[in-house]
Amino acid sequence: QKVLVSGANGYIGSWVVHTLLERGYSVRSAVRTERKGEHLKKIFGEYGGRHEVVVVADITKACAFDEAVKGVDAIEHIASPVQLEAEDPYELITPAVNGTVGILQSALAHGTSLKRIVVTSSCAAVLHDDPNPQEFDESDWNEQSLEILAKGGPALTGIMKYRASKTLAEKAVWQFWEDNQGGLSWDITVLIPPFVFGPAIHEVTTPASLNESALLWYNHLIGHTATGTKGGTWIDVRDLAEAHTLALERPAAGSKRIIVAAGAWTWQDFVNAAHAVSPPPKLLNGLPLSSPDASPADTATVPMRKYKTIRAAEILGLRYRIIPDTTKDTLADYEARGW
Ligand code: NDP
């Protein structure tokens with residue numbers, strides 16, 4: 001069984017490739033340049049001919065994935081820009097939407113052996129800002145981000161542009177499904193993760209080169225740069241990779257959105273877990289870990305969004321790592337890098 005993985009050199013993509021290879025699949029990793037494939041060839045060299053790299057230079061162009069989809073049994077479409085500083089929202093929206101529609105169209109035209117496509121969406125496509133955050137489920141859509149996108153103005157912040165890109169990209173998936181499902185020999189599953197934390201195996205040289213979510217974690221625990229985010233819902237990147245594998249294997253996952261989330265967190269939960277690691281992690285780059293709060297972490301006192309994950313439990317049977325384990329492994333990863 002061969003799986004095409006787009007965004008294979010990213011934080012989540014690399015773990016998805018790793019997990020698939022460990023499970024015995026062959027993987028075709030799609031990256032934008034030969035250069036971006038080098039690290040993958042190195043870390044996955046031990047799998048020999050079961051891992052290959054393909055260059056798809058511009059995912060916004062129609063037919064960009066035509067060659068890459070040929071001969072694969074499944075696709076994990078993960079590539080999408082995750083950056084919060086774009087001026088023009090279409091810097092995010094165009095690759096998010098065109099990349100998604102493009103890979104589906106290439107699959108339609110050339111995916112003769114395909115059985116399933118898994119698309120990585122985000123809770124950004126589900127949630128909306130609310131002073132009294134509710135518990136969301138798979139019936140929710142982030143219409144708020146699209147209304148703000150249409151109006152523009154100061155409410156169209158970096159995060160709002162990202163949310164709009166993910167909402168539009170996932171809506172395009174289901175529009176494609178509605179238009180084409182009758183004639184398809186394959187189906188689609190959309191996975192919906194919240195904040196993703198945990199160690200990295202993709203090419204990261206300095207803390208600043210971590211992807212957005214892992215950098216946020218680093219900045220809060222090690223870098224002392226607090227942001228407005230006090231807490232939320234999370235999943236370990238390795239569990240998310242497991243979910244991507246299970247989503248290929250469980251027939252009932254077909255034609256469904258599935259929220260995959262381990263539970264709620266506050267930064268204090270991770271800080272306390274860091275201080276409980278034994279033996280204590282070394283000081284990193286001379287920066288001490290943030291101080292533990294005298295008061296116990298209490299996710300009930302921080303207003304935050306929550307998500308129902310019954311569908312993931314029933315269909316995927318996914319088990320989740322807990323905060324102490326992810327914290328310990330992430331700090332061990334930093335130490336191994338000499339940070
Ligand atoms: P990374 O930034 O580490 O990876 C993003 C991947 O997408 C990279 O391979 C990147 O390639 C590729 N990509 C980005 N922009 C483009 C573009 N314009 N054209 C082609 N490829 C592009 O982020 P993550 O691994 O965290 O995110 C992966 C996916 O998971 C995204 O779809 C994201 O929305 C989703 N997600 C992430 C969450 C998180 O907390 N991390 C939470 C929920 C969803 P390149 O290196 O060449 O730029």
Looking at segment 44-72, I want the residues that are on the phi < 0 side of the Ramachandran plot and acidic (D, E) and have a partner that is part of a helix (DSSP H, G or I) and surrounded by 14 or more Cβ atoms within 10 Å (Cβ to Cβ) with Cβ atoms under 7 Å, at least 6 apart or on another chain. Which pairs are those?
D66/S106; D66/H110
Select from segment 260-300 the residues that are in a strand (DSSP E or B) and of a type in the set (G, A, S) and write down the one among them that is modelled with the highest pLDDT.
G263
Residues that are part of a loop (DSSP other than H, G, I, E, B), crowded, with 19+ Cβ neighbours inside 10 Å and away from the ligand (no atom under 14 Å from the Cβ), drawn from segment 141-160
none
Kindly check whether there is at least one residue in segment 168-186 that is within 10 Å of the ligand (Cβ to nearest atom), assigned to a loop (DSSP other than H, G, I, E, B), in contact (Cβ under 8 Å) with a residue 60 or more places away in the chain and touching a Gly at 6+ places or on another chain (Cβ under 7 Å).
no
Within segment 91-106, is even one residue within 11 Å of the ligand (Cβ to nearest atom), in a strand (DSSP E or B) and within 22 Å of E178 (Cβ to Cβ)?
no
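With A208, A252 as the choices, which residue is of a type in the set (G, A, S), modelled with pLDDT of 95 or more and surrounded by fewer than 16 Cβ atoms within 10 Å (Cβ to Cβ)?
It is A252.
Given the structure, is E38 more than 9 Å from the ligand (Cβ to nearest atom), under 13 Å from H202 (Cβ atoms) and among the charged types (D, E, K, R)?
Values: more than 9 Å from the ligand (Cβ to nearest atom): yes; under 13 Å from H202 (Cβ atoms): yes; among the charged types (D, E, K, R): yes.
For E38, the condition - more than 9 Å from the ligand (Cβ to nearest atom), under 13 Å from H202 (Cβ atoms) and among the charged types (D, E, K, R) - is met.
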Selected residue (criterion: farthest from the ligand (Cβ to nearest atom)) from residues of segment 74-90 that are free of Cβ contacts under 8 Å to residues at least 60 places away in the same chain and either touching a strand residue (DSSP E or B) at 6+ places or on another chain (Cβ under 6 Å) or of a type outside the set (F, W, Y) (or both):
E87
Take G183 and tell me if it is surrounded by fewer than 18 Cβ atoms within 10 Å (Cβ to Cβ), small (G, A, S) and at positive phi.
no
Residue list for segment 117-140, filter: in a loop (DSSP other than H, G, I, E, B), in contact with a helix residue (DSSP H, G or I) (Cβ under 9 Å, 6 or more places away or on another chain) and among the small types (G, A, S)
S121, S122
Taking only segment 150-182 into account, find how many residues are farther than 22 Å from A79 by Cα and of a type in the set (A, V, I, L, M, F, W, C).
3
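Does L114 count as in a loop (DSSP other than H, G, I, E, B), more than 16 Å from the ligand (Cβ to nearest atom) and crowded, with 17+ Cβ neighbours inside 10 Å? Let's see the steps before the verdict.
Numbers: in a loop (DSSP other than H, G, I, E, B): yes; more than 16 Å from the ligand (Cβ to nearest atom): yes; crowded, with 17+ Cβ neighbours inside 10 Å: yes.
Judged against the criteria, L114 is a match.
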Conditions: (1) within 13 Å of the ligand (Cβ to nearest atom); (2) assigned to a loop (DSSP other than H, G, I, E, B). G71 meets all but one. Number of the miss?
(1)
Candidate set: segment 187-200, residues that are within 11 Å of the ligand (Cβ to nearest atom) and assigned to a loop (DSSP other than H, G, I, E, B); chosen: the one nearest to L108 (Cα to Cα):
P193
Exclusive hit being more than 12 Å from the ligand (Cβ to nearest atom) and in a helix (DSSP H, G or I), set R257, R163, R238
R238
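The values are calculated or read from the model by the stated rules, or taken from the named source; none is laboratory data. In this text, all values refer to a predicted model and were calculated from it rather than measured experimentally. Here the Cβ is made from the backbone with ideal geometry for all residues, glycine too, and neighbour counts use every protein chain on show.
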